[in-house]
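Visitor: Here it is: the structure, laid out below.
Here, each number is a calculation from the coordinates, and none is a lab measurement. Note that the coordinates shown come from a computational prediction; the quantities given were computed from them, not determined experimentally.
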């Protein structure tokens, strides 16, 4: 078993439309082409890093969480709880450590209305794999 979840297409490309707006606002604020291009370039690099790097990888033995700032490995036998939320999936280990996966998020609106989302499915998959791993030990 090997599953990978990444940022949704809307999360990847929806934000891309904001980069020209950032360039326009910096042009209006400073009236400087260099500053406007620099801000747009910085936004483009940040967009690429935040849209394409984050992922959650579920293997037979662990969950690998890749965020823009680094990666963390959590053994399936250490997973105690997985909760989807606005900031991402929060994986709590048996020792109380918390690892947040940015790639899969659940909107506050979905939480308030009780709607089942992709984040709930990912959380359920990780919990099922963790329980399966505990049984086979």
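Visitor: Pulled fully out, how much extra length does the chain show between residue 49 and residue 100, if you take 0.36 nm times their separation in residues and subtract their Cα-Cα distance?
Guide: Once the chain is fully extended between residue 49 and residue 100, it gains 16.7 nm.
Visitor: Do the sum for the chain: with -39,500 (n - 2.57) for every DSSP H run of n ≥ 4, divided by all residues, what is the mean residue ellipticity at 222 nm, to the nearest 500 deg cm²/dmol? Let's see the in-between values first.
Guide: Values: 5 runs with 63 residues, N = 137.
After summing the helix terms and dividing by residue count, I get -14500 deg cm²/dmol.
Visitor: Please report the equivalent ellipsoid semi-axes of segment 62-136, computed as sqrt(5 x eigenvalue) of the Cα gyration tensor, largest first, in whole Å. Kindly include the intermediate steps, with their values, before the conclusion.
Guide: Values: eigenvalues 85, 47, 19 Å².
Largest first, segment 62-136 gives 21, 15, 10 Å.
Visitor: Dividing the Cα convex hull volume of the chain by residue count, how many Å³ per residue is that? Can you show the working numbers first?
Guide: Details: hull volume 16.5 nm³, N = 137.
Hull volume normalised by residue count: 120 Å³.
Visitor: For the chain, what is the relative contact order in percent, using Cα pairs closer than 8 Å and at least 6 residues apart in sequence?
Guide: So the answer I get is 21 percent.
Visitor: When the distances between all Cα atoms of segment 6-52 are binned every 10 Å from zero, what whole-number percent does each bin get?
Guide: 30, 45, 21, 4
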